[in-house]
Amino acid sequence: MNKRIISVIVFSVTLFSMYAQGGKGGISDAMLKQIQQSYQGTASDKAIRNAISNNDIRKLAVNLDNQKGMDTNFSIKVDSKGITDQKSSGRCWLFTGLNVMRAKALASYGFPTFEFSQIYPFFWDQLEKSNLFLQGIIDTSDKPLSDKTVEWLFKNPLSDGGTFTGVADIVTKYGLVPKEAMPETNSSESTSRMANLISLKLKEYGLQLRELAAKGIKTAALEKEKTAMLGTIYRMLALNLGVPPTEFEFVRKDAKGNPVETEHHTPMSFLDKYGDKQLLTNYVMLMNDPSREYYKCYEIDYDRHRYDGKNWTYVNLPIEDIKEMAIASLKDSTMMYFSCDVGKFLDSDRGLLDVKNYDYESLMGTSFGMDKKQRIETFSSGSSHAMTLMAVDLNKEGKPVKWMVENSWGAGSGFQGHLIMTDEWFNEYMFRLVVENKYVPAKIMELFKQKPIRLPAWDPMFAEEK
């Protein structure tokens, strides 16, 4: 390029940069001076600065007034046996859904211990999500890469996270197996490297499908190509997770651990006997999202784990309505799929979720005043983790004081593998509850007959639990 042209370009860029920096809206010298002067640098500021520079902010913000003994008694509690551990994976949604069914199997058959294989449905989940992505690419092949949906697809080709939607989608199609029929592997317990490789391959395949479509290749031929691509994905999954069993033997034991009977099963027959094959019809999802209108039905695009699955609908309700159904379920000894923003105000050592755990305002000398609606609208809070709601403590007036969930972070985490949350925390950071229809009032069930308000895949409420 001509040196004169290069000089003109450089000068223009420099001039633009100078103009932008000194233009309206930038930090001028006078403004900077005012900002700097607002910091007094008092002895208190210096002490806090010294403390923060050498310590974890959260430890410094611990509210000592809230460190008294924790009440672990609950007036209504569903017993559980054995805490599961998702290890370094985002499969909380799957562990939670299976734990809800496991609790029923334990109660019905009196097993000393029992656990469904989590890796078995996870294998099919990853294959189905891969197909969902590739078919989505085919469906949008006439749109530019800059299209919002196409962009979202390429940003989210695969995830180990999910919601109860995935439990229903996968389990009802592929069934269940006991843990001993398909045990965990390193890649199932630490999913990131496998997921990165498969995601990279899916993005490559996505571009190839778009190139073929641009050349005029018909949909039928694209889908044939997609099938071949999924063969490679299946092999990658099999190498990392193993080959899912099609039949197996299950030794049923009594409460003392003695063998009672050796049963021959397929995954579907095992689901029929020990799981819940009515996941798609007997359960509804409730949401507390004050940024949306209450008593309305919503669905989110691509909020499913199978292309041929169904975007799950949910009804948005005030928190008090949801509590009534949760309490009714627990009184009937039935656990529930529950999701929340678990990272907010979590005292992981005690296993306590309480908005009073940390006093960031006193430490930082400012308030943090957004309410739940504002936190959702600004992407400051959302559903991040699923657990199994198993207990509530009611006061003399029948109002909840605290709640407890069975977590999937191992028996050594939190309070003996559980988390206890105050009712105030529940109000602020609870998002989803999946409950059986029989605990839902008729007037709420009627709301599910509405034509759902459809939200895009990039909506804040799409957030997958991990």
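Quick notes on this one:
- Cross-link pairs K143/K443; K155/K331; K323/K449 - those with Cα-Cα distance over 31 Å: K143/K443; K155/K331
- Among N196, P259, A326 the positive-end extreme of the charge dipole of the chain (Cβ point charges): N196
- Labels on offer are [x] 137; [y] 221; [z] 128, and the one holding volume of the Cα convex hull per residue in Å³ computed from this structure is [y].
- Projected label distance in nm at T42 and N437, using a 7 Å step from Cα toward the beta-carbon: 6.2 nm
- Radius, Kirkwood style, for region 114-274 when every pair of distinct Cα atoms is counted (Å): 17.4 Å
- Computed about its Cα centre, the charge dipole of the chain is approximately 1120 debye, with only Lys, Arg, Asp and Glu carrying charge at their Cβ.
- Calculated on the alpha-carbon coordinates, the convex hull of region 396-442 measures out at 134 cubic angstrom per residue.
- Spatial offset of region 61-123 relative to region 275-299 amounts to 22 Å, using the alpha carbon center of each.
- Taken along the Cα-to-beta-carbon direction at a fixed 7 Å, the label points for Q34 and L200 span 5.1 nm.
- Packing-based ranking, highest mean first, of 301-309, 429-437, 237-245 given that Cβ atoms within 10 Å are counted: 429-437, 301-309, 237-245
- Taking 0.36 nm per residue of separation and subtracting the Cα-Cα distance, full extension of the segment from N427 to Q450 would add 5.7 nm.
- Take the Cα of Y234, step 7 Å toward its Cβ, do the same at S269, and the gap between the two points is 2.3 nm.
- Here's the list of lysines a cross-link from K59 could span, going by alpha-carbon distance under 29 Å and ignoring same-chain residues fewer than 8 apart: K46, K68, K87, K344, K356, K372, K373, K402, K466.
- Descending by average beta-carbon neighbour count within 10 Å, the peptides 90-97, 111-118 line up as 90-97, 111-118, the highest first.
- Rg/Rg_ref, region 211-282, where Rg_ref = 2.2 N^0.38 Å and atoms are Cα: 1.84
Laboratory data are not the source of any read-out in this text; all were calculated from the coordinates shown. For clarity, every value in this text was computed on a predicted model and none was experimentally measured. Methodologically, a virtual Cβ is constructed for each residue, glycine included, from the backbone with ideal geometry; neighbour enumeration extends over all protein chains shown.
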